[in-house]
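To start, the structure under review is shown below, and the notes come after it.
The values are calculated or read from the model by the stated rules, or taken from the named source; none is laboratory data. Only a predicted model underlies this, so the values are computations on that prediction, with no experimental measurement involved. Here Cβ is always computed from backbone atoms with ideal geometry, including for glycine, and neighbour counts include all displayed protein chains. These area figures cover heavy atoms from the full protein model, side chains too; ligands, DNA and RNA do not enter into them. Shrake-Rupley method; radii C 1.70, N 1.55, O 1.52, S 1.80 Å.
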Amino acid sequence: MKKHAFGALLLCVFLLISLAGCGERAGDYSSRIPDPTDAFYVLDTADVITPETRNHIVSRNDALFAMTGAQVVVACVPSTEGMDIGDYATQMFNKWGIGSAERNNGVLILLSIQDDTYWVLQGKGLEELLPSGTLKQMVDTLLEPHFAAKEYDAGTLALFDAVCAHLASVYNVTLDTWSGAP
C-alpha cells in the first residue's frame, strides 16, 4: 500500500513539474511580449528612436489608418530573451492586432538591438500588395546599412517611410495632405 501511495505521489509531482513549464515549451511566449504603448504605433524599450521619429511614425500612422485601415508598427526591444525573432514578431503582431481586423493589413518592423537582428512582418492581407520580395528589397537597401552602423533611428525612419509610401500608393491615397479628418 505504501509503495502505491509513494508512486502516486511521485506521479503527481512529475505532472506538476511538467505542467509548470508547458506553456513556454509549446511556443507560448506571450508573457514575454510587451503590451502596446499608449501611442500604439511605436514601442521603444531599447531607447533608440528619437522623439521626432516617434512623432512622425504616430502622425503618419494616424493618416494611414484613417484612410486605409492599415498600420505600420515599429517595435525596438533590447532583446527577444532567447526567443526566435520570427516567432516573437508573429506573436507580437497577433497580440497587438496590427492592421484592420477585416483586411489583415498591418506591418510590424521589429528591431532586437542586443540580439543584433530585426524582422519585418506583413499581414496576410498585404501579401499581394506588399510582397515579401518587395519588403526584402526595402529592408536590404534602407534598414540594413543603418542597422549595421548602429544608426537604428535613421534606418527605422527610412524603412517606415518607404513602407508607408508603398501602402499609400497601392491604396491610392496621399498621406501628406491628410487633414486629420477621416
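Would you mind classifying region 30-165 by shape? Square roots of the alpha carbon gyration tensor eigenvalues, ordered a ≥ b ≥ c; an a/c under 1.5 is rounded, otherwise it is prolate if a/b is larger than b/c and oblate if not.
Values: a/c = 1.27, a/b = 1.17, b/c = 1.09.
Rounded.
Taking all protein chains in place and a 1.4 Å probe, what share, in percent, of the accessible surface of region 54-182 do carbon and sulfur account for? The partial results should precede the final answer.
Details: 2970 of 5930 Å².
Exposed carbon and sulfur together represent 50 percent of the surface.
Could you state the accessible area per residue of region 89-175 in Å², with a 1.4 Å probe and every protein chain left in place? Please report the intermediate quantities before stating the final value.
Numbers: 4100 Å² over 87 residues.
Heavy-atom SASA per residue in region 89-175 reads 47 Å².
Which of the three applies to region 91-182, rounded, prolate or oblate, going by the alpha-carbon gyration tensor with a ≥ b ≥ c and a/c under 1.5 meaning rounded?
On the way: a/c = 1.76, a/b = 1.38, b/c = 1.27.
Here region 91-182 falls in the prolate category.
Return a whole-number percent for the relative contact order of region 78-182, with Cα pairs under 8 Å and 6 or more residues apart as the contact set. Could the numbers behind the result be given before it?
Numbers: 94 pairs, mean separation 19.4, N = 105.
RCO, region 78-182: 19 percent.
Show me, for region 133-139, the HN-Hα J-couplings you get by feeding each phi into the Karplus relation (A = 6.51, B = -1.76, C = 1.60, θ = phi - 60°), rounded to Hz, glycine and proline as x.
Per-residue couplings from phi come out as x, 5, 4, 4, 5, 4, 5 Hz.
Let's test the formula: R0 of 22 Å, r as the Cβ-Cβ distance of Ser100 and Ser132. What FRET efficiency results, to the nearest 0.05? Write out the running numbers ahead of the final one.
Values: r = 20 Å, r/R0 = 0.91.
So the FRET efficiency works out to roughly 0.65.
Could you grab the relative contact order for region 85-136? Cα pairs under 8 Å, six or more apart, rounded to a whole percent. If you can, show how the numbers build up before the last one.
Numbers: 57 pairs, mean separation 16.4, N = 52.
Relative contact order of region 85-136: 32 percent.
Using a 1.4 Å probe and counting only protein heavy atoms, arrange Lys124, Lys136 so the residue with the most accessible area comes first. Intermediate results must be reported in sequence, preceding the final value.
On the way: Lys124 145, Lys136 120 Å².
If we order Lys124, Lys136 from most to least accessible, we get Lys124, Lys136.
For region 114-122, in order, what is each residue's ³J(HN,Hα) by Karplus, 6.51 cos²θ - 1.76 cosθ + 1.60 with θ = phi - 60°, in whole Hz (x at glycine and Pro)?
Working through the residues one at a time gives 5, 7, 6, 8, 8, 8, 10, 10, 10 Hz.
Can you give the accessible area of Leu175 in Å² (nearest 10), computed on protein heavy atoms with a 1.4 Å probe?
20
Antiparallel DSSP bridges in region 41-182: what percent, to the nearest 5?
Working: 6 of 16 bridges.
Bridges in region 41-182 that DSSP calls antiparallel: roughly 40 percent.
Amide H of Ala75: which non-local residues (sequence gap of 5 or more, or other chain) have their own amide H closer than 5 Å, using H built in the peptide plane?
Leu43, Ile109, Leu110, Leu111
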